[in-house]
1. Relative contact order for the stretch 101-186: what is it in percent, counting Cα pairs under 8 Å that are at least 6 residues apart?
2. Scan around LYS86 for amide H atoms under 5 Å from its own, H built in the peptide plane at 1.01 Å from N, and keep only partners 5 or more places away or cross-chain.
3. With θ taken as phi - 60° and the coefficients 6.51, -1.76 and 1.60, list the Karplus ³J(HN,Hα) couplings across the stretch 137-143 in order, rounded to whole Hz; mark glycine and proline as x.
4. Need the full-extension length gain, HIS29 to ALA172, defined as separation in residues times 0.36 nm minus the C-alpha distance. One decimal, nm.
5. Relative to the longest principal Cα axis of the chain, at what angle does helix 37-47 sit, 0 to 90 degrees, rounded to 10?
6. Report the GluC sites (Glu not before Pro) located in the stretch 13-105 that are in a DSSP loop and have at most 11 other Cβ atoms inside 10 Å of their Cβ, or state none.
7. Using alpha carbons only, how many degrees (0 to 90, rounded to 10) separate the axis of helix 19-28 from the longest principal axis of the chain?
8. Along the Cα→Cβ direction, 7 angstrom out, place labels at ASN45 and GLU158. What is the inter-label distance in nm?
Amino acid sequence: TFSEEVFGKENNEDEADWSDIQNLFSALHDGSRTSDPAVWRAGINEVFDTDVFLKYLAVNTIIQNWDTYGRMTHNYFLYNNPENGKLTWIPWDNNEALQDGKQGGSLNLDFSGLNTASWPLIGYLYADDVYREVYENYLIEVRDEYFNTSSIQSLYDEYSSLIEPFATSEIAGYTFLRNSAAYQQGISSLKSHVSQRESAVNSYFKS
């Protein structure tokens, strides 16, 4: 059942118009999902930018970020884009990314263990063959072009050398680093993480 109480408006508060969110909710839960998936997808695509969401989902799940939809009910916006009249997914507050995380850890690439009843936007779209293919194509694109061991480890080397003199000389009380060795340990952890995530994507497509 749709409830306004679980959403918060950032603008147009006086109008109190929830029709755009209600339309997405209705389309997502429409019975055609199981009886006629093509009709179901058409209904969702009319009110929601599924491509943007599936691209976000691929990136977010590869890099691992638990503090967002799928684990937590916050850290995203739904923007009604006047250019196409569709709700567009906007993530924010990604400071918990690049790690397994808390709250049961980051979601698996195949969303095994996901409670679809609690997180239907992920569960329903992934269960659909067409949407899942789009998601999987983005997994490949992200791995091959953006988040892979070779390119990201080089980027970590470049940026870490730039900030190390400043990051390791912060005033006590304004940093989480205990010493210079802790800084290097952090960089090593990031390097290991990207390697593990590239392997995870490779394993996903072998299964």
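1. Across the stretch 101-186, relative contact order equals 11 percent.
2. ASN81
3. 5, 6, 4, 5, 4, 5, 5
4. Numbers: separation 143, 0.36 × 143 = 51.48 nm, distance 5.20 nm.
Between HIS29 and ALA172, full extension yields an extra 46.3 nm.
5. Around 70 degrees separate the two axes.
6. Values: sites: GLU13, GLU15, GLU46, GLU83, GLU96; in loops: GLU13, GLU15, GLU83, GLU96.
Here the GluC sites (Glu not before Pro) that fit, given the DSSP loop and packing criteria, are GLU13, GLU15, GLU83.
7. Rounded to the nearest ten degrees, it is 90.
8. Between ASN45 and GLU158, the simple spin-label model gives 3.7 nm.
Values in this text are rule-based calculations from the coordinates and carry no lab data. Just so we're clear, the structure is a prediction, and the values are computed from it rather than from any experiment. For neighbour counting, all protein chains shown are included, and Cβ atoms are generated from backbone atoms with ideal geometry for every residue, glycine included.
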